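Student: Here it is, the structure, as C-alpha cells.
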Amino acid sequence: MNIVRFNNNVDRVFNSWMNDFAWDDKCVAQTAPAAKVVENEEGFEILMAVPGLTKSDISIQVEKNILNISGKDEEGVNADFVSKAFKRSYRLGENIDLKKVDAKLENGILKITLVKKEKEAPVSVEIDVK
C-alpha cells in the first residue's frame with residue numbers, strides 16, 4: 001500500500017498556517033509580531049509591535065550577519081493559560097555597523113536601529129610596470 005497526499009493545496013495551506021501559529025507542549029502560541037522596516041540615509045529602523053512584553057522578555061542577537069529577535073511572555077495576564085512567544089530573523093548586509101546596533105522598547109513598540117557603516121574613500125594606487 002502506498003501513502004499518497006490527498007490534496008497538496010490543502011496540505012500547503014494547513015502547513016503554512018501551522019508554521020505561523022504553532023503550539024508546543026507548554027501551550028505557547030508562536031506568532032510573528034507585526035514589524036516594519038524603514039530605510040533612511042543613516043541606516044535602517046525595525047519597528048515591531050510587542051505589546052505586554054518587557055525588556056527582560058526580549059532577546060536580540062546578531063550571529064553571522066543574521067539579526068535574531070525573540071521574545072516570550074511568561075508572566076503576562078494570561079500566563080496561566082497561554083504565553084506568547086515569537087522569533088523573527090533578518091539578514092543584515094555587510095554595510096551595517098554591528099557595533100552601533102541599538103534597541104529601545106517603549107509603549108509596546110520595539111525599535112531597533114541599524115546604522116550603516118561610513119563609506120570608505122576609494123583607494124587609488126598607481127602600479128609601475130616593469
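The values are calculated or read from the model by the stated rules, or taken from the named source; none is laboratory data. Here the structure is a predicted model, which is why all the values come from computation and not from measurement. Backbone-built Cβ (ideal geometry, glycine too); neighbour counts: all protein chains shown.
Student: List pairs: first residue in segment 100-128 and closer than 11 Å to GLU45 by Cβ and without any contact (Cβ under 8 Å) to a residue 12 or more places away in the chain, second residue in a strand (DSSP E or B) and of a type in the set (Lys, Arg) anywhere in the structure, Cβ distance under 6 angstrom, at least six positions apart or on different chains.
Tutor: The qualifying pairs are LYS104/LYS111.
Student: One residue is enough: does segment 2-23 have a residue meeting the conditions charged (D, E, K, R) and at pLDDT 55 or above?
Tutor: Within segment 2-23 (the criterion being charged (D, E, K, R) and at pLDDT 55 or above), the answer is no, since none of the residues qualifies.
Student: Okay, next question. Among strands (runs of 3 or more DSSP E) lying entirely in segment 41-130, which contain 3 or more residues that are at pLDDT 85 or above, among the β-branched types (Val, Ile, Thr) and touching a strand residue (DSSP E or B) at 6+ places or on another chain (Cβ under 7 Å)?
Tutor: Of the strands (runs of 3 or more DSSP E) lying wholly inside segment 41-130, those with at least 3 residues that are at pLDDT 85 or above, among the β-branched types (Val, Ile, Thr) and touching a strand residue (DSSP E or B) at 6+ places or on another chain (Cβ under 7 Å) span 109-115.
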